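First the structure, in the form of structure tokens, and then the observations on it.
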Amino acid sequence: MDSALDFHGLRALLQWQVELGIDEAIGDVPVNRYETPAAAPKAAAPAVAGTAQAHLAEVPDALDAARRAAEGANDLEALRAALASYEHCELKRGARNLVFADGVPGARLMIIGEAPGREEDREGRPFVGRAGQMLDRMLAAIGMNRKENVYITNVMPWRPPQNADPAPNDIAMMRPFMQRHVELAAPDVVILVGNISCQAALDTRGITKLRGTWTEAWGKPALPMFHPAYLLRNSAAKRAAWADLLEVQARLKGTA
Ligand code: URA
């Protein structure tokens, strides 16, 4: 056996792939992307540039289509259907499921997360993995839960490959859907968890500075907070998250 492909070589290769963020196999047969095609087409380079340009040219269409689809939805089910038939976002092609929302539509508290991860993609529900369990514990700490009084969604309804941050174009395409989602869910208060939700709602990032200060998102009072996944990695930030949860609780009780 080739020494690079013995047990240790294979294990190192696998480890390397895990470190790159590859966490599932999507084909039965490996594809060698370094292999030169037998007869590479001469015009390969211009064709790639042309594709990129075509993609850029499509962005205004994609935004227009998103606006029309979102505005045409008169209730949350129609909005879910509009997203399901929206074909301009590339992330949709790599996702297993549309992850639309969970919890109680019409609840006074709406949480807007970033994008589905592996478990969410598999189940078609937001915040069901480790970060979701953390979010449930945070909500429980202020006496709330998604079965009774919280509505939860994400900016991106499709899982980005390797859980990468969604591209600005993808976020832009989702803004009209998010705006309509907030209008139709009509919460009293919105929590924006993490940078991607702040980027979508406020057009800015920097959660460490933004968190804890009330702002407005799509016409509703909104509080940016640390993402529960961040809290899982940084226990010290839980203190700030606790203060923010108390702020939300007080706002909902009408005492802040
Ligand atoms: N992180 C998010 O922002 N949303 C999810 O649904 C899961 C993890």
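The values are calculated or read from the model by the stated rules, or taken from the named source; none is laboratory data. Because the structure is a prediction, the values reported are computed rather than measured. Note: ideal-geometry Cβ built from the backbone for every residue, glycine included; neighbour counts use all protein chains shown. Protein only, heavy atoms only, side chains kept; ligands, DNA and RNA dropped before computing areas. Shrake-Rupley method; radii C 1.70, N 1.55, O 1.52, S 1.80 Å.
Taking amide H atoms as placed 1.01 Å from N in the peptide plane, list the residues 5 or more away in sequence, or in a different chain, whose amide H sits under 5 Å from that of Asn154.
So Asn154 has HN proximity to Gly113.
Arg96's amide H: which non-local residues (gap 5+, or another chain) put their own amide H closer than 5 Å, with H modeled 1.01 Å from N in plane and none for Pro or chain starts?
Residues meeting the amide H criterion: Arg159.
Taking 0.36 nm per intervening residue step and subtracting the Cα-Cα distance, what contour gain separates Glu71 from Ser235 on full extension? Each step should come with its number before you reach the end.
Numbers: separation 164, 0.36 × 164 = 59.04 nm, distance 4.10 nm.
Roughly 54.9 nm would be gained on extension.
For region 177-256, which chymotrypsin sites (Phe, Trp or Tyr not before Pro) pass both filters: DSSP loop (anything but H, G, I, E, B) and at most 14 other C-beta atoms within 10 Å?
Trp214
At 0.36 nm per residue, and after removing the present C-alpha to C-alpha distance, how many nm does the segment from Arg93 to Ala186 gain when stretched out fully?
Details: separation 93, 0.36 × 93 = 33.48 nm, distance 3.02 nm.
Net length gain for the segment: 30.5 nm.
Can you tell me the FRET efficiency between Ala140 and Asp165 if r is taken as the Cβ-Cβ distance and R0 is 41 Å, rounded to the nearest 0.05?
Working: r = 29 Å, r/R0 = 0.70.
Given R0 = 41 Å and the Cβ-Cβ separation, E is 0.90.
Report, by chain and number, residues whose modeled amide H sits under 5 Å from the one on Ala222, excluding near sequence neighbours (fewer than 5 apart, same chain).
Sorted by chain and number, the residues that satisfy this are Val190, Thr215, Glu216, Ala217.
Could I have the simple spin-label model distance between Gln133 and Lys147, label points 7 Å from Cα toward Cβ, reported in nm to one decimal?
Here the answer is 1.7 nm between the modelled labels.
Kindly provide the trypsin sites (Lys or Arg not before Pro) of region 145-232 that DSSP labels as loop, not H, G, I, E or B, and whose Cβ sees at most 10 other Cβ atoms within 10 Å. Present the calculation step by step, with values, prior to reporting the outcome.
Working: sites: Arg146, Lys147, Arg180, Arg205, Lys209, Arg211; in loops: Arg146, Lys147, Arg205, Arg211.
Taking region 145-232 and a limit of 10 other Cβ atoms within 10 Å, the loop trypsin sites (Lys or Arg not before Pro) found are Lys147.
Would any residue of region 215-230 have its amide N under 18 Å from a label point 7 Å out along Cα→Cβ of Trp242? List them or say none.
Under 18 Å, as judged by backbone N against the label point of Trp242, lie 225-230 of region 215-230.
Roughly speaking, what is the stretch gain from Val59 to Arg108, that is 0.36 nm per residue apart minus the C-alpha to C-alpha distance, in nm to one decimal?
Working: separation 49, 0.36 × 49 = 17.64 nm, distance 3.43 nm.
Going from the current span to full extension adds 14.2 nm.
Measure off, as a whole percent, the carbon and sulfur share of the 1.4 Å-probe accessible area of region 59-252, all protein chains present. Provide the component values of the computation, followed by the final result.
Numbers: 4000 of 8590 Å².
In region 59-252, the share of accessible area belonging to carbon and sulfur is 47 percent.
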